[in-house]
Amino acid sequence: MSAVEIQEKIAQLTQELNHYNYQYYVLAQSLISDYDFDQKLKELEALESQYPQFADPNSPTRRVGGDITSRFNTVKHRWPMLSLGNTYSQDELRDFDQRIRKIIGDDFEYVCELKFDGLSISLTYKDGKLVQGVTRGDGTQGDEVTANVRTIRSIPLTLKTKDYPEEFEIRGEIFMHKSAFLRLNKEREENGDQIYANPRNFAAGTIKLQDSAEVARRPLDCFLYFLYMDNRRKHFSTHWESLEAVRKWGFHVCDHTRLCSNIDDVFSFINYWDTERHNLSYEIDGIVIKVNDYAQQEELGFTAKNPRWATSYKFKAERVETILKSISYQVGRTGAVTPVANLQPVSLAGTTVKRASLHNANEIARLDLHEQDTVYVEKGGEIIPKVIAANLEKRKPDAIPFHYPTHCPECQTLLVREEGEAVHYCPNEDGCPPQIIGKMQHFIGRKMMDIEGMGNETIETFFKKGLIRNVVDIYSLKEHEEDLQKLERFGQKSIDNMLRGIEKSKEKPFEKVLFALGIRHVGETIAKKLALYFKNIDALAQASVEEIASVQDIGGRIAESVHQYLNTPIHQQQIQKLKDYGLQFEIEEKEVVLAGNGLEGKTFLISGVFADFSREELTALIESHGGKMVSSISAKLNYLVAGDKMGPSKLAKAEKLQVPIINEQELLVLINN
Ligand code: IVH
C-alpha cells in the first residue's frame, strides 16, 4: 500500500469504528457483532503500530488506554465550575421561582434535567476533536485527566457532524451504571481488593487512576448537560437548543430532559422521578432546574457561589428506624472479614431489609453501636442498605457496646490488618474453613477451571464429609468413587458427569489455572498478563518482586502478593501435585501468522516501558515478523529493545556483552527494511 492508501484505510476504519461506538454507547444499538468489531479494531491497531507516523491520539484504538500519568497537571478552568444551590423542600423551590419572576417577569421556560450522581467533568474540543478533560477540582482549577477520559466510550473523540464551533467546552457528569458497579465490586471482593461504597465513589476513584488501561476496563459513561463557548448567543438562543445541537454532534445527552412552562410542571417532573428513579440503570440524587433562555440567564446572573438561573431539588434518601439485633462477621475466600448488621426486618424503598453492610472496623467505631440499639437505615446509593447512626435517645443506659473481634470467628486465628487498609484479614488461609471452601469454589468457577457437574454446594458437602481439603484433592476424587456413591442425592450419573468435568478441566490454559489458584489481588486480567509475560509458573515463581512489578499494569501490591504466594512451601507442594495431575502450568505457544519476515532468525529481549506500545504489542509485533523472544541476556542475543525505566543491571549486562541496544523506532526501521 502507498502512504496515501494507508492513510485512507486508517481514516476509513477510524470513521467506521467511531460510528459503531456511537451507535452502541450513546444510542444503545448494536450494529455489528463483538467479534467483527474486534477484528476491525485489530486491523486498525496493526496499521497504527506499523505506521506510527499516521497514528492519532483520538483514534478509537486509544479507548483501551495504555498511557500512564504519574502526576495529573493542574488546569485552570476558563469558566469556573460552579455548584448549584440545592433544596429538599418544594416550598423553597416556589421561593426560587418567585425570585426569578421578580427579575424577569412571567414569560419564561424551565429545562428540567436529572441530577446525575457522579463527578463533573469539563471537556474541551478544538476543530471537532477532544483535546482536554479536566475534573472540577475546587471549581477554579482541576486535574487534567484526558488520557482517562478518552477511554469512556460514550464521549466522542471526534465529532459526528461539521457544524460545531471551532472551540468550545462542554460540561457533564461521569458515572457508572448500577449493574457495572455491582459486577465490578463483586469481582474486587473476590480478588481481595477493597470494594467501593457506591457507584459515584467507584467512578471518582477510577477517573483518578494513573493507569488509563485500568480505567478502560471499568465501564464509565458520561451525560453532557452544559455548553460553554465565546459568543454563544450567536449560535443558540436557549439551553434547550444547545442540548439538541450537542446531541447531533455525538454527545450523550439524557433523553429524560424536559421543557417545562411553569413551576407546577416542574413539580410534576420531580414527583414522577421521585419514585421512577429506582428504575433507572444509574443513580440520580435529584432534579436540576435551569431557566431555558440564554438572554434571561444573563439577566439573572450569579450570586457569589451559584447561578441565579438554576437550582437543584434533592430527593430525600428514604430512612427508617429499626432494631440492631446482632452483628455477624463473614469471612470471605481471601480471608477478608466483613461485618454485617442483622436487623429487625423493616420495609424500605420497596424492599424488606434484614441486613445491612457495616463495611469495616472503622465504620463500627464511628457508629459506636451498642447491643439492641435502634438504628437509622438508609438505602445508600439505592443499592446497599446502610446503617447511618444509632438513635441515642432510645439507647438503654446499660447497653453493651460492640467491639470488633480480635480473632477470626471461624477459626480463632488472630486477625491482621495491613497498613493503609481498612479491612481485617484472617491470615490462616489454608486452615480456615470458609477460606478453604471459598478457594475451592473459586477454583471450579466458570471463568476459572469451569468444572462441569460440580457446584458450590458440592464443594461444601465434600469438604464437610472430609473428601476434599484443598484444590488438589479435587483431582484425586476419582480414586474415591465408593465414598462418592455413599453420598445421598448423588447418583452414578452425576458422579460420572463430574469426574468427566474434572478430567476436562486439565485442558484449561495456564492463565485460567493461574487465576483459579486464587492469589490475592490476581484477577482475570492480571492472571492473563502474568501468564503471557512469564509464560510458565517456574519463571514466575523465580521472579523477584521487582521483576513481577515491571510487567505493565502490575503494581507493587500485586507483585508482593504473587511473590509471597509462590514462595510459600504449602503452595509450592500443591502446584507440584497439580502439575503431576496434568494441569497446564505453561502457555501453549500459538502458531503465529507472519506479517513479514524482516526479523527472521534474530532474537530479541524487551525491557522497560514504551511510549507507543505495550510490551505485549511489541512481542506480538516482533513474533509476527519472524523474530524470537528470549527471556535472558546472553552474548548470543541479537537485540535488546530498551524503553524507559529499564533496570540498570540489565543495561550494564547488555553493554558488557556488547549486545546491540535499540529503541522502538529503531525496531520499526528493522522491520520495514
Ligand atoms: S448544571 C452552572 N446539570 O451537580 C451549571 N449539574 O451542584 C452547573 N450535576 O457540579 C451544573 N447533574 O456535578 C448540572 N443535569 C445537571 C447535573 C449537574 C448533576 C452535578 C454537577 C454539579 C453539581 C451541582
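The values are calculated or read from the model by the stated rules, or taken from the named source; none is laboratory data. All of these numbers come straight from a predicted model, not from anything done at the bench. When we count neighbours, we look across all protein chains shown, and the Cβ atoms used for this are built from the backbone with ideal geometry, even at glycine. Side chains are part of the model used for accessible areas, which takes the heavy atoms of the whole protein and leaves out ligands, DNA and RNA. Shrake-Rupley method; radii C 1.70, N 1.55, O 1.52, S 1.80 Å.
Summing -39500 (n - 2.57) over the DSSP H runs of n ≥ 4 in the chain and dividing by its residue number, what mean residue ellipticity at 222 nm do you reach, to the nearest 500 deg cm²/dmol?
So the helix-based figure for the chain works out to -11000 deg cm²/dmol.
Report the FRET efficiency, 1/(1 + (r/R0)^6), for GLU5 and GLN39, where r is their Cβ-Cβ distance and R0 is 25 Å, rounded to 0.05. Could you put the intermediate results ahead of the total?
Values: r = 20 Å, r/R0 = 0.79.
The pair GLU5/GLN39 has a calculated efficiency of 0.80.
State the percent of C-alpha pairs, over all pairs in the stretch 41-113, separated by a distance greater than 22 angstrom. Walk me through the numbers on the way to the answer.
Working: 1618 of 2628 pairs.
Cα-Cα pairs in the stretch 41-113 separated by more than 22 Å: 62 percent.
Given H placed 1.01 Å from N in the peptide plane, which residues other than close sequence neighbours of ILE606 have an amide H under 5 Å from its amide H?
VAL641
For LYS579, list the lysines whose Cα falls under 23 Å from its own Cα; do not include residues on the same chain fewer than 8 positions away.
Result set, ordered by chain and number: LYS439, LYS447, LYS478, LYS504, LYS506, LYS508, LYS512, LYS528, LYS529, LYS535, LYS590.
Wrap a convex hull around the Cα atoms of the stretch 30-180, take a quarter of its surface area, and give that in square nanometres.
Numbers: hull surface 55.4 nm².
Over every viewing direction, the Cα hull of the stretch 30-180 projects on average to 13.9 nm².
Which length gain, in nm to one decimal place, applies between GLU166 and GLU187 when the Cα-Cα distance is subtracted from 0.36 nm times their residue separation?
Numbers: separation 21, 0.36 × 21 = 7.56 nm, distance 4.30 nm.
Value of the extension gain: 3.3 nm.
How about LYS386: which aspartates and glutamates have a C-alpha closer than 13 Å to its C-alpha, ignoring those fewer than 8 places off in the same chain?
In chain and number order, the partners are GLU318, GLU321, GLU363, GLU378.
Run the numbers on the chain and let me know its relative contact order in percent, using alpha-carbon pairs under 8 Å that are six or more apart. Could the numbers behind the result be given before it?
Details: 1131 pairs, mean separation 63.5, N = 673.
Taking the mean separation of contacting Cα pairs over the length of the chain, I get 9 percent.
For GLN412 and SER179, FRET efficiency with R0 = 45 Å and r from the beta-carbon atoms, rounded to 0.05?
Numbers: r = 39 Å, r/R0 = 0.86.
So, using R0 = 45 Å, E works out to roughly 0.70.
Determine the gain in length on full extension of the stretch GLU419-LYS577; use 0.36 nm per residue of separation and subtract their C-alpha separation, reporting nm with one decimal.
Details: separation 158, 0.36 × 158 = 56.88 nm, distance 3.41 nm.
So the chain would gain 53.5 nm between GLU419 and LYS577.
More than 49 angstrom separation, counting every C-alpha pair in the chain; what % is that?
Distances greater than 49 Å cover 26 percent of the Cα pairs.
Take the Cβ-Cβ distance between LYS493 and VAL669 as r, set R0 to 56 Å, and report the resulting FRET efficiency rounded to the nearest 0.05. Walk me through the numbers before you get to the answer.
On the way: r = 63 Å, r/R0 = 1.13.
With R0 = 56 Å, the Cβ-Cβ based efficiency is 0.35.
How about the stretch 14-114: which trypsin sites (Lys or Arg not before Pro) there are in a DSSP loop, with at most 10 other Cβ atoms within 10 Å of their Cβ?
Hits after loop and neighbour filter: ARG71.
Relative contact order (percent) for the stretch 236-349, with alpha-carbon contacts under 8 angstrom and 6 or more residues of separation?
Numbers: 95 pairs, mean separation 20.8, N = 114.
Relative contact order for the stretch 236-349 comes out at 18 percent.
Exactly which GluC sites (Glu not before Pro) in the stretch 148-201 are in a DSSP loop and have at most 14 other Cβ atoms within 10 Å?
On the way: sites: GLU166, GLU167, GLU169, GLU173, GLU187, GLU189, GLU190; in loops: GLU166.
The qualifying sites are GLU166.
State the Cα centre-to-centre distance between the stretch 467-521 and the stretch 109-142 in whole Å.
52
When the Kirkwood radius is taken over all Cα pairs of the stretch 525-673, what Stokes-Einstein diffusion coefficient follows at 25 °C and 0.890 mPa s, in µm²/s? Intermediate values should be presented prior to the final figure.
Values: Rh = 16.6 Å.
Diffusion coefficient, whole number: 148 µm²/s.
Determine the per residue accessible area of the chain with all protein chains present and a 1.4 angstrom probe, expressed in square angstrom. It would help to have the intermediate numbers written out before the result.
On the way: 33420 Å² over 673 residues.
Using a 1.4 Å probe on heavy atoms only, each residue of the chain averages 50 Å².
Can you give me the Cα centroid spacing of the stretch 609-673 and the stretch 358-434 in angstrom?
52
For the stretch 276-371, list log₁₀ I(q)/I(0) at each q in 0.14, 0.18, 0.23, 0.24 Å⁻¹, using the Debye formula over Cα point scatterers of equal strength and ignoring solvent, two decimals each.
Rounded to two decimals, the profile gives -0.77, -0.96, -1.20, -1.22.
Which cross-chain or sequence-distant (5 or more) residues have an amide H under 5 Å from the amide H of PHE226, H modelled 1.01 Å from N in plane?
ARG171
To the nearest 20 Debye, how big is the dipole of the stretch 460-511 about its Cα centre, given +1 on the beta carbon of each Lys and Arg and -1 on that of each Asp and Glu? Write down the numbers at each step before the final one.
Values: 11 positive and 11 negative charges, 26 e Å.
For this selection, approximately 120 debye.
Can you list the residues, at least 5 places off or on another chain, whose amide H is less than 5 Å from the amide H of ALA389, using H built in the peptide plane?
Those qualifying (amide H under 5 Å, at least 5 residues apart or on another chain) are TYR376.
Name the cysteines of the chain that stand alone by the Cβ rule: no other cysteine Cβ under 4.7 angstrom.
CYS112, CYS222, CYS254, CYS260
Of the peptides 552-561, 410-419, how do they stack up when ordered by the mean number of other Cβ atoms within 10 Å, highest first? Each step should come with its number before you reach the end.
Working: 552-561: 17.5, 410-419: 13.2.
Order by mean packing, descending: 552-561, 410-419.
Within the stretch 200-331, what is the number of lysine pairs with alpha carbons under 22 Å apart, leaving out pairs fewer than eight places apart on the same chain? Write out the running numbers ahead of the final one.
Details: LYS234/LYS248; LYS234/LYS290; LYS248/LYS290; LYS290/LYS305; LYS290/LYS314; LYS290/LYS316; LYS305/LYS314.
Final tally of qualifying lysine pairs is 7.
At a 1.4 Å probe radius, carbon and sulfur cover how many percent of the accessible area of the chain? Intermediate values should be presented prior to the final figure.
Working: 15960 of 33420 Å².
Carbon and sulfur atoms account for 48 percent of the accessible area of the chain.
Where nothing but the Cβ of Lys and Arg (+1) and of Asp and Glu (-1) is charged, how large is the charge dipole of the stretch 381-436 around its Cα centre, in debye to the nearest 20?
Details: 5 positive and 9 negative charges, 93 e Å.
Roughly 440 debye, rounded to the nearest 20.
Mind jotting down a quarter of the surface of the convex hull over the alpha carbons of the stretch 590-651, in square nanometres, one decimal? If you can, show how the numbers build up before the last one.
Numbers: hull surface 17.9 nm².
Computing the convex hull of the Cα atoms and averaging its projections yields 4.5 nm².
Put +1 on the Cβ of each Lys and Arg and -1 on the Cβ of each Asp and Glu in the chain; which of LEU605, GLN435, SER631 then has its Cα farthest toward the positive end of the dipole?
Towards the positive end, the residue furthest out is GLN435.
Just report the Cα centroid separation between the stretch 41-65 and the stretch 167-225, whole Å.
For the stretch 41-65 versus the stretch 167-225, the Cα centre distance is 24 Å.
DSSP beta bridges in the stretch 494-649, what fraction antiparallel, as a percent rounded to 5? Don't skip to the end; give the middle numbers.
On the way: 2 of 8 bridges.
Percentage antiparallel, nearest 5: 25.
Only bridges whose two residues both fall in the chain count here: according to DSSP, what percent of them are antiparallel, nearest 5?
Looking only at bridges with both residues in the chain, the antiparallel portion is about 85 percent.
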